[in-house]
Structure formats: structure tokens, C-alpha cells
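> Have a look at this one before I ask anything.
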Amino acid sequence: MIELLIEMWSFAFMQRAIVATTVLSASVAPVGTFLVLRRLSLAGEAMAHAITPGVVIGFVVAGLSVFSLLIGGVIAGGVAAVLTALLARKTILRSDASLASIYLIALAAGIFILSAAGSAVPLKSFLFGSILGIDDASMILIGAVATVTLVAFAFLLRPLIISTCDPVFFEAQTKRPLLVEQAFMLLLVLNLIAAFKTLGTLMAVGLMILPATTARYWSSTITGQLGLTFVFALSSCWVGLTLSYFFPETPSGPAIVLTAGGFFLVSVLLGPHGFGVRLRKTTPQSTSSIVQTPTEKSPQ
């Protein structure tokens, strides 16, 4: 076992994968935490599909260039976010229905463009991730996105906390509350694009949401959830990569997300705010109420 671990760390492709997932975990942790706290978990999944046409157009125009895919994804994600906010504020539709409608249209458009281009094999491998074959350009992209995300959260953390806990007060005290939402959605799009070549679109959303929901069962404070989200994301990446190395037929991306799912299930059962603790707390309360009922009625 130890010899296999030492051998795993000796390979350059495993070292690059571990470094990339470590940096990626630090980047997606705050984004995933606030997606969960703001009840926008499904918005991350929707946004991952909404940027598909931009990624496809970037691929058709310039191939698997990281820069072209980044530009295409950012433009598509920005358009989707702006249209969602505009429809939610100016029409009868709520933000969830607006985002669902836009992402379905975008996904269909991406598939149509992909089919018309007639070359789906390279893009398929790109969208589903290739973490063990990550190149220098993708490493630079992940590092740049992580830097932008962490620096941005140094300024956005307080406004995001206030808008999450008391949105009415935040809108009353801020002249342009929409800017905070748009900045947060932009960070979401950037992190989704950064995770394309590592985990793929769907797996990237899993790494964002599952560690954040897992941390929710262990901490009731925002700072605690931010730290635990990073710990669970990092642990999922390292354990998933180790499993994929020990079992070569296991793809790395799904192994990482399934490991995160395992942490989630354990936390549901054993966490301080999990399902099992709630059951144990409910039982004594119910029995005490049964015992107190006759004593309360006896004086009457």
C-alpha cells in the first residue's frame, strides 16, 4: 500500500493532477459555499449548460485553445446571467424559471452547433475532463482563475454575507446590488471554465456543490463552512485520484465526485446538523412531553 502511494507520487502526471485539484479546490470552495447558502445550487448546474454554446463556438473557431474556450464560455455565461437577471426583474418570471429557460435554449443551441460542425470527439473528451493529461495552459488557467477568485472574495465576502443573510437590508443600503450578483455569477462561470479540462462540466459542478452541502452538516457559521468546504473538496480530490490510480479502469473525475458523495452521505448520518442527530433529539422531547401532560392536567 505504502509502496503504491510512493510510486503514485513519483509520476509527473499525478503530481500535476494533485497540484491542479488542490488549487481548484481552493477556488471552487467559496463559490460552492455561497451557491448553497443562497439556495442557488441548481443555478450552478444550469450555468454549466448555459456556457455550452460559447465553449462549442470557441472550439469550432480555434480548436482546443484554452484562450478561445475561456473567451467563449465567459461571453456565453455573461449573456445568460444578464438575461436571467433582466427577465427576473422586468417580467413576471422568477429567476429560477428564467435561468431554466435560458439554459435549455443554450444547451440545445450548443448541441446543434456541435452537430453542424461535425467533429464531436475532441470536444467530448474536453467537456468530460482529462485531469491526468492536463497541460501547461490549463494549469496556468486554473492558477489565474483561483487568484482572481480569492482576491475578488476578499472584497465581495462582506457584501455577499449581508445579501445572503438579509437581502432586503442589502438592497436598501446599496445603490447597485445587482453588481454583487453579477460579479458572483462571473466567478461561477470562470471556475466552471477552469474545471473543464480537469473534471469536465458536470463533474466540476459536483466538486462545487457536494463539499459545500457536506460542510453545512458540520458547521452553522459561514466562516466554518468556507473552511470545511475546502477541506472536503481537497480530500475528495486526493482520495479520488488515489482510487483512480489503484483501480486503473476507474475514471478520475467520477471517482472524485463519488468520493465527495461518500463524504456527504456520512455527514448526513453523523454530522452535528445531520439526520441521525435530529432523530435522537426528537425522541427525548417527545417522551418528556408525554410525561408532563398528566402532571399539567392533574391540578385541574
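The values are calculated or read from the model by the stated rules, or taken from the named source; none is laboratory data. Just so we're clear, the structure is a prediction, and the values are computed from it rather than from any experiment. We place every Cβ from the backbone using ideal geometry, glycine too, and count neighbours over all the protein chains shown. Just the protein is used for accessible areas: all its heavy atoms, side chains included, with ligands, DNA and RNA removed. Shrake-Rupley method; radii C 1.70, N 1.55, O 1.52, S 1.80 Å.
> Which is in a helix (DSSP H, G or I), at pLDDT 85 or above and either of a type in the set (Gly, Ala, Ser) or surrounded by 18 or more Cβ atoms within 10 Å (Cβ to Cβ) (or both), of Leu241, Leu269, Leu265?
On the way: Leu269 fails: either of a type in the set (Gly, Ala, Ser) or surrounded by 18 or more Cβ atoms within 10 Å (Cβ to Cβ) (or both); Leu265 fails: either of a type in the set (Gly, Ala, Ser) or surrounded by 18 or more Cβ atoms within 10 Å (Cβ to Cβ) (or both).
Result: Leu241 is the single residue among Leu241, Leu269, Leu265 that is in a helix (DSSP H, G or I), at pLDDT 85 or above and either of a type in the set (Gly, Ala, Ser) or surrounded by 18 or more Cβ atoms within 10 Å (Cβ to Cβ) (or both).
> Look at region 214-238 and say how many of its residues are assigned to a helix (DSSP H, G or I), touching a residue at least 24 places away in the same chain (Cβ under 8 Å) and either closer than 22 Å to Phe196 by Cα or open to solvent by 40 Å² or more (accessible area, probe 1.4 Å) (or both). Steps first, answer last, please.
So in region 214-238, the residues assigned to a helix (DSSP H, G or I) come out as 214-216, 222-238.
Filter once more, keeping what is touching a residue at least 24 places away in the same chain (Cβ under 8 Å): 214-216, 222, 225-226, 229-230, 232-238.
Pick out the ones that are also either closer than 22 Å to Phe196 by Cα or open to solvent by 40 Å² or more (accessible area, probe 1.4 Å) (or both) and you get 216, 229-230, 232-238.
Selection size over region 214-238: 10.
> Scanning for something aliphatic (A, V, I, L, M) and over 27 Å from Cys165 (Cα atoms), does region 33-50 turn up at least one residue? Even if it seems obvious, please write down each step before you answer.
To start, the set of residues in region 33-50 that are aliphatic (A, V, I, L, M) comprises 35-37, 40, 42-43, 46-48, 50.
Those left that are additionally over 27 Å from Cys165 (Cα atoms): 50.
Yes, region 33-50 contains a residue that is aliphatic (A, V, I, L, M) and over 27 Å from Cys165 (Cα atoms).
> Do we find a residue being of a type outside the set (Asp, Glu), modelled with pLDDT of 80 or more and within 19 Å of the chain's Cα centre (by Cα) anywhere in region 64-72?
Yes: one or more hits.
> Looking at region 46-67 only, could you name the residues that are open to solvent by less than 20 Å² (accessible area, probe 1.4 Å), part of a helix (DSSP H, G or I) and within 20 Å of Ile142 (Cβ to Cβ)?
Met47, Ala48, Gly54, Val55, Gly58
> I'm checking my understanding of the structure. Among residues of region 7-45 that are among the aromatic types (Phe, Trp, Tyr) and in contact (Cβ under 8 Å) with a residue 60 or more places away in the chain, which one is surrounded by the fewest Cβ atoms within 10 Å (Cβ to Cβ)? Reasoning before the result, please.
Step one: filter region 7-45 for residues among the aromatic types (Phe, Trp, Tyr), giving 9, 11, 13, 34.
Adding the requirement that they be in contact (Cβ under 8 Å) with a residue 60 or more places away in the chain leaves 13, 34.
On the way: Phe13: 11, Phe34: 24.
Result: Phe13.
> Given (1) aliphatic (A, V, I, L, M); (2) open to solvent by 40 Å² or more (accessible area, probe 1.4 Å); (3) within 12 Å of Val28 (Cβ to Cβ), identify the lone condition not met by Leu207.
The failed condition is (2).
> If you check Ser288 against the conditions, is it in a helix (DSSP H, G or I) and at pLDDT below 90? Lay out the reasoning, then the answer.
Values: in a helix (DSSP H, G or I): yes; at pLDDT below 90: yes.
The answer is yes for Ser288.
> So, in region 136-186, of the ones that are in a helix (DSSP H, G or I), at pLDDT below 90 and among the charged types (D, E, K, R), which residue ends up least open to solvent (accessible area, probe 1.4 Å)?
Checked region 136-186; the qualifying residue least open to solvent (accessible area, probe 1.4 Å) is Glu181.
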